[in-house]
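S.K.: Let me begin by handing over the structure; questions about it come next.
The values are calculated or read from the model by the stated rules, or taken from the named source; none is laboratory data. The structure displayed is predicted, hence computed values, not measured ones. Here the Cβ positions follow ideal geometry from the backbone for every residue, glycine too, while neighbour counts run over all protein chains shown. Quick note on the areas: whole protein, heavy atoms, side chains included, nothing else; ligands and nucleic acids left out. Shrake-Rupley method; radii C 1.70, N 1.55, O 1.52, S 1.80 Å.
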Amino acid sequence: MKNILSGIQPTGDLHLGNYFGAVQNWVRLQDDYRCLYCVVDYHSMTMPYKADTLRENTWKMVFYLLACGVKPEYLFLQSLVPEHVELAWVLGCVSSYGELARMTQFKDKSDQLKETDKEAFVSTGLFTYPVLQAADILIYHADYVPVGKDQEQHLELSRNIAQRFNHQFGKPYFRHPEPLYTETPKILSLADPSRKMSKSLGEKHYVNLFGEEDRIRKQIKSAVTDTGDTPAGQMSPGVANLFEILRACGQLDAHNALMTDYKSGALRYSELKETVADAVAALTSAFRERLHSLQADKKAVKTQIQDSSAVIRKRAQQTLKEVREIVGLPTLKN
Ligand code: TRP
């Protein structure tokens, strides 16, 4: 069985775009692969943050992922396996400054910081972020990494690092991880369908998967449909987005019936919105229910994930033992 690894930052809320773009796919892959999914809390330290918020959001993400159907034995916290950081140090020594400086995510995020404050603090952690990501992947000898296209450059770097390590130490030790791009629905902001649904745009732009049903319905009902600048004969992005959400929710019959109405000019947007709201409400109510039952015994859930992290850590420790030997570090006393 092939190994899969992916990671998600504990950003707070999980929205419809995250679910259809990543989490749903993670859940499906669990049937066919040996999967590992981590909440990458170390990575969340690379941008300005508060300690309490990080701790809170990390566990929040764990609960959300479990509620969406991620198997607890596949889920762990990155920082409960500190070997990731040790491997990142080793890999940092086979990565060049130049290749890291070419990473567009680093440029985007540091520009973003400087937008609000020209003198903004840009951490070295933000710069070496992709090396830690390579360590996340290589430490478990992952074959495939399900990610979005925005992570293409980081995955390529992970492969280059693996290759350079193997070459430098004359041993085919690390596998070359391949990105796994599954066709996933691209969900746009309901308030501004010219942009991707994203938390950073602000609250009205994203549908929180675990939000109140009333609010979800209201957001969908007030979704922007026609803005008047769509060329005649073309579907506006806002309307296309609603259709996309309906399809992503698995409501193909309703989708096709409404599409027929659209094509004949008989579609009322209020009806489309009502149907989409029902579909999203049905999907999310199942998640909310599972979240509630998980929250009934938070301590048990946390213990379960600490335990799974400890089991997974054993694999990481084995890798580090081998790596230390390969690169010329002394054996640890145990
Ligand atoms: N950088 C990824 C993102 O922003 C998150 C991530 C961290 C990751 N480590 C990973 C993804 C390892 C895949 C594999 O989405």
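S.K.: Under 6 Å by Cβ, and 6 or more places apart or on different chains, what pairs join a residue from the stretch 168-189 that is assigned by TED's automatic domain parsing to the domain that holds Gly148 with one that is assigned to a loop (DSSP other than H, G, I, E, B) and open to solvent by 30 Å² or more (accessible area, probe 1.4 Å)?
M.R.: These pairs meet every condition: Arg175/His141; Pro179/Val147.
S.K.: So in the stretch 143-153, with the set limited to residues that are surrounded by fewer than 15 Cβ atoms within 10 Å (Cβ to Cβ) and acidic (Asp, Glu), which one is farthest from Arg34 (Cα to Cα)?
M.R.: Asp150
S.K.: Quick one: Asn18 ticks every box in (1) in a loop (DSSP other than H, G, I, E, B); (2) open to solvent by 40 Å² or more (accessible area, probe 1.4 Å); (3) more than 30 Å from His167 (Cβ to Cβ) except a single one, so which number is it?
M.R.: Among (1) in a loop (DSSP other than H, G, I, E, B); (2) open to solvent by 40 Å² or more (accessible area, probe 1.4 Å); (3) more than 30 Å from His167 (Cβ to Cβ), the lone unmet condition for Asn18 is (1).
S.K.: Also, I was wondering about something else. For the stretch 154-177, how many residues meet the condition of being within 12 Å of the ligand (Cβ to nearest atom) and either surrounded by fewer than 16 Cβ atoms within 10 Å (Cβ to Cβ) or more than 21 Å from Gly98 (Cα to Cα) (or both)?
M.R.: Adding up the residues that qualify gives 1.
S.K.: Can you name every one of the helices (runs of 4 or more DSSP H) wholly within the stretch 210-327 that holds 2 or more residues which are in contact with a strand residue (DSSP E or B) (Cβ under 7 Å, 6 or more places away or on another chain) and surrounded by 19 or more Cβ atoms within 10 Å (Cβ to Cβ)?
M.R.: It comes to 237-248, 298-327.
S.K.: Continuing with this model, one more query. Taking only the stretch 130-142 into account, find how many residues are under 18 Å from the mean Cα position of the chain (by Cα) and either open to solvent by 10 Å² or more (accessible area, probe 1.4 Å) or near the ligand (Cβ under 7 Å from one of its atoms) (or both).
M.R.: Final tally of qualifying residues: 4.
S.K.: Test Ser6 against the stated conditions and say whether it is assigned to a helix (DSSP H, G or I), near the ligand (Cβ under 10 Å from one of its atoms), within 15 Å of the chain's Cα centre (by Cα) and closer than 21 Å to Leu155 by Cβ.
M.R.: It is false that Ser6 is assigned to a helix (DSSP H, G or I), near the ligand (Cβ under 10 Å from one of its atoms), within 15 Å of the chain's Cα centre (by Cα) and closer than 21 Å to Leu155 by Cβ.
S.K.: In the stretch 32-64, what residues are charged (D, E, K, R), away from the ligand (no atom under 15 Å from the Cβ) and crowded, with 17+ Cβ neighbours inside 10 Å?
M.R.: Selection gives Lys60 alone.
S.K.: Continuing with the same structure: Would you say Leu16 is under 25 Å from Phe243 (Cα atoms) and more than 10 Å from the ligand (Cβ to nearest atom)?
M.R.: yes
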